[in-house]
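Since every read-out is calculated from the coordinates, none of them should be taken as a lab result. All of these numbers come straight from a predicted model, not from anything done at the bench. Note: ideal-geometry Cβ built from the backbone for every residue, glycine included; neighbour counts use all protein chains shown.
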Amino acid sequence: MYQRRKRLSIEEYVNGVLEGDKVVLSKAITLVESTLESDHIMAEQVLEKLLPHTGKSVRIGITGVPGVGKSTFIESFGKLITSMHKKLAVLAIDPSSQRSKGSILGDKTRMPNLSVDPMAYIRPSASGSSLGGVSTKTRETMLICEAAGYEVIFIETVGVGQSETTVKGMVDFFLLLMLAGAGDELQGIKKGIMEMADAIAITKADGDNRPKCERAKREYKNALHLFPPSESGWYPDVLTCSALESEGLTQVWEVIEKFTGEMKEKDYFMRNRQFQNVEWMHDIILYSLKQKFYSSTSIRQSIQALEKEVKSKKIPAISAARKLLHHYYNS
C-alpha cells in the first residue's frame, strides 16, 4: 500500500539546509517553487530563519550569445572554483521553461563532470507563468544555497532578452561571453547587454581561433570605451579564454576577485545588494498583483469579450483595461 511521505517540519528544513544536506536543500527549493498557498507560508518561515545565514557568497551572472559554449565554460570555470575548495551552486533562469517545465536531467547532462562534483550543486530554474515568477524563485533559491554554505553562485541565463536584465538585478558581477567572428563582432549585439557587463570573456580562444579572439578583444575594448562609466566606477575588462583547454579561466576569476574587492572598499557592494533587495520586494508585489488579477474568475469571464472589441477597434485598449480594472476592484 502506498504511504504518503512525511512532510518535513520548518526546523527540519532549516537544520538540513544549514548542515549542507543536498537532499533537504533540494526539498527546500521545491518548497519555495510550489504554487500551493500553504507551501508559500511555510517557505516564508523557512527563509526568515535562514536569512541570517545568507549573503556571504559571490553572486555571478553569466550570459552569452548562442553558440558561445556557455555550458562548457560554466563546467570548466566551475571546476576551477571547486578546485580552490569553494562550494559552487549553478542556478538557471530560463523563461522558456514555462513550456518545457525545466529539466534537471538536461542540466546534468550538459555539465556531466560538474554535476558529480561533491563541491557543486546544479539546479534548473523554476517553471513559471512569466519571467517575474521565475526570477523570484531563483532569488529565493540563491538565498537557500547561501545558507547551505555555497560560497560562489552562478546564475545562468538560458533564455534571451529580458532575462539578462533580470539576472543583472540579482548578482554582484555580470559576465558576458562572446565569440570572435570575421570582423563583425559588434554587429547585432545589443548595446544594453554590453553596458551591463562587468567583464567580457571571448570564448574558444584555442588553436587557429586564437588570432581572431585577440582581434575581437581589441575591438570590444575600443567599443567599451565609448560607453559612459558605470555608477560603480568600474571599467569592464575584456579577456580571452578556452574552456576546452582550461586557459584564461584563472584570469577571469582574478578579475571577479578584483571587482568584489574594489566594490567592497567603496561600500558599493553592500549598497548594490540593499538596492536589489528593495527592487525584489517591488517585483514580488507587481508579480503577485498580476497573478491575482488574471486568476480572478470574473476577469477571465470578461477578458475574452473585451479582447474581441479591442481587436475589432470597437473600443481603445485603454478603455478595455480601465473596464477590467474597475470590474476587478468592485467585484
Check Ile122: other-chain or 5+ apart residues with amide H under 5 Å from its amide H, H built from backbone geometry? Val90
Size of the dipole of the stretch 188-314 about the Cα centre, Lys and Arg at +1 and Asp and Glu at -1 on the beta carbon, nothing else charged, in debye to 20? 980
Amide H of Gly61 versus every other amide H placed in the peptide plane: which residues, excluding those fewer than 5 positions away on the same chain, fall under 5 Å? Ile155, Asp172, Phe173, Phe174, Leu175
Farthest positive-ward along the chain dipole, Cα basis, beta-carbon charges - from Cys213, Ser242, Ser296: Ser296
Leaving out same-chain residues fewer than 8 places away, which lysines sit with a Cα under 19 Å from that of Lys79? Lys22, Lys70, Lys87, Lys108, Lys204
Of Lys86/Lys217; Lys266/Lys290; Lys168/Lys266, which pairs sit farther than 26 Å apart, going by alpha carbon to alpha carbon? Lys86/Lys217; Lys266/Lys290
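When only Cα pairs under 8 Å and 6 or more residues apart are kept, what is the percent relative contact order across the chain?
Values: 460 pairs, mean separation 56.3, N = 331.
So the answer I get is 17 percent.
Calculate for the chain the 222 nm mean residue ellipticity that helices alone would give, adding -39,500 (n - 2.57) per DSSP H run of length 4 or more and normalising by residue count, nearest 500 deg cm²/dmol. Each step should come with its number before you reach the end.
Working: 15 runs with 182 residues, N = 331.
My calculation for the chain gives -17000 deg cm²/dmol from helical runs alone.
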Suppose we keep just the DSSP beta bridges with both residues in the chain; what percent of those would be antiparallel, to 5? 5
Most exposed first by the Cβ proxy, i.e. fewest other Cβ within 10 Å, how do His225, His53 rank? His225, His53
Taking the Cα centre as origin and putting +1 on Lys and Arg beta-carbons and -1 on Asp and Glu beta-carbons, what dipole magnitude results for the stretch 1-53, to the nearest 20 debye? 300
Pick the calculated P(r) over Cα pairs in 10 Å bins from 0, in percent for this structure from (1) 5, 25, 35, 24, 9, 1; (2) 6, 28, 38, 23, 5, 0, 0; (3) 5, 23, 30, 22, 13, 6, 0? (3)
Could you name the aspartates and glutamates in cross-link range of Lys323, using Cα to Cα under 14 Å and dropping any fewer than eight places away on the same chain? Glu307, Glu309
